[in-house]
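Here's the structure, in structure tokens; my notes come after.
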Amino acid sequence: MIKTDQKVKFVVVGSGHIGKRHAEMIRRDEEGELVAMIDVRSKEECDAVDFNVPFFSTFDELIASGLDFDVVNVCTPNGFHASQSLAALEAKKHVVCEKPMGLSKDSCEKMIFKALQVSRQVFCVMQNRYSPPSQWIKEVVESGTIGEIYMVQLNCYWNRDDRYYKKGGWKGTKDLDGGTLFTQFSHFIDIMYWLFGDIDNIQGKFADFTHQNSTEFEDSGFVSFDFVNGGMGSINYSTAVANQNLESSITIIGANGSVKIGGQYMNEVEVCNIKDYLMPELAPTNPGNDYGAYKGSAANHNYVIKNVIDTLKGRTSATTNALEGLKVVEIIERIYKVRNEQLDL
């Protein structure tokens, strides 16, 4: 445990959009200290000159420097998350791992095993849990206010075009990206799992409408399943939407009423029709991360960093622990197993 009067020292691995956001949120927290950044590119190439900290090209180079630090934030392409998290754990450092935790259940299990061996924490970044509508619906479901769950529909319709899938980049590749559900929509699968638990009896239909020349996997899918805890659900998703993101929404049909949370980033409660229930006024939701030509999920990384610091100082527990991170990966892996079986027919 880190003492209350000590700053938590962070190293950010990967200095792209998300890595720089982590670095900025660390810098803004009075109990956090950014002590180094790592990227295969130079500080100038990463546009990270503003972060006045040592810049290394590899993790081994950082370790050889003898620099003191507590936490490694892994913000690199998806396919590197597990191996780089394992390297940090081998060095007996805590890990903050961007989504997805890995690209296979097996790789996530190795991370959890190593974390237990060295008595270190693995925090998985699922920042949509901090959005006011997410916090509100969690209480509504767990309290039984909406009653027995009958049906859940998750719709994720986004735009990702050639501005996003640049030639020679990692996005769109099986090895480093992993697939649409891993990169674009794992946040929303996490919310579904967080609310309703595991799924079974998965069926699906998949297509690649507009990305045949830019990705190595599908861009769209209809997936149906049963919840282990009762009720049935579906995920309908696409990155083939023209021009801009359309919506990320969840519709819940329960015994006592129905709820729909919509907007582009599951950021607005559009319907709350629950018997004898008056919905409270919610705080405004942070906007989606803005990457210029496209937008991502809610900009809640400040809450992630705060939770890491509070957990390491013994004040609370991880908002998204490693087992939950693994379960999201496993659910996506099982959905993609259905897709792969269809391709083999």
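The values are calculated or read from the model by the stated rules, or taken from the named source; none is laboratory data. Just so it is clear, the structure is predicted and the values come from calculations on it, not from any experiment. All Cβ positions, glycine included, derive from the backbone under ideal geometry; neighbour counts span all protein chains shown.
Could you tell me which residue of the range 179-210 is farthest from the chain's Cα centre (by Cα), considering only residues that are of a type in the set (D, E, K, R) and under 20 Å from Ser104 (Cβ atoms)?
Looking at residues that are of a type in the set (D, E, K, R) and under 20 Å from Ser104 (Cβ atoms), I get Asp200.
Return only the number of the condition from (1) under 20 Å from Leu176 (Cβ atoms); (2) surrounded by 19 or more Cβ atoms within 10 Å (Cβ to Cβ) that Ile199 does not satisfy.
Of the numbered conditions (1) under 20 Å from Leu176 (Cβ atoms); (2) surrounded by 19 or more Cβ atoms within 10 Å (Cβ to Cβ), the odd one out for Ile199 is (1).
Let me confirm something: among Asp162, Asp190, which residue is under 22 Å from Gln264 (Cα atoms) and modelled with pLDDT under 95?
Checking each option against the conditions leaves just Asp162.
Would you please list the contacts, defined by Cβ atoms under 6 Å and residues six or more apart or on different chains, that run from a residue in the range 318-345 that is at positive phi and hydroxyl-bearing (Ser, Thr, Tyr) to a residue that is modelled with pLDDT under 95 and not in a helix (DSSP H, G or I)?
Filtered contacts from the range 318-345: no entries.
So which pairs qualify, if the first residue must be in the range 102-123 and within 24 Å of Lys306 (Cα to Cα), the second must be among the β-branched types (Val, Ile, Thr) and assigned to a loop (DSSP other than H, G, I, E, B), the Cβ gap must be under 8 Å, and the two must be at least 6 apart or on different chains?
From the range 102-123, the pairs are Phe123/Thr319; Phe123/Thr320.
Specify the residue that is nearest to the chain's Cα centre (by Cα); the eligible residues are those in the range 49-64 that are part of a helix (DSSP H, G or I) and touching a residue at least 24 places away in the same chain (Cβ under 8 Å).
Phe59
Can you tell me which residues in the range 68-120 are of a type in the set (D, E, K, R) and assigned to a helix (DSSP H, G or I)?
Glu90, Lys105, Asp106, Glu109, Lys110, Lys114
Does any residue of the range 143-154 turn out to be among the aromatic types (Phe, Trp, Tyr) and within 19 Å of the chain's Cα centre (by Cα)?
Checked the range 143-154: no residue is among the aromatic types (Phe, Trp, Tyr) and within 19 Å of the chain's Cα centre (by Cα).
Got at least one residue in the range 68-76 being surrounded by fewer than 21 Cβ atoms within 10 Å (Cβ to Cβ) and either small (Gly, Ala, Ser) or without any contact (Cβ under 8 Å) to a residue 60 or more places away in the chain (or both)?
Within the range 68-76, one or more residues are surrounded by fewer than 21 Cβ atoms within 10 Å (Cβ to Cβ) and either small (Gly, Ala, Ser) or without any contact (Cβ under 8 Å) to a residue 60 or more places away in the chain (or both).
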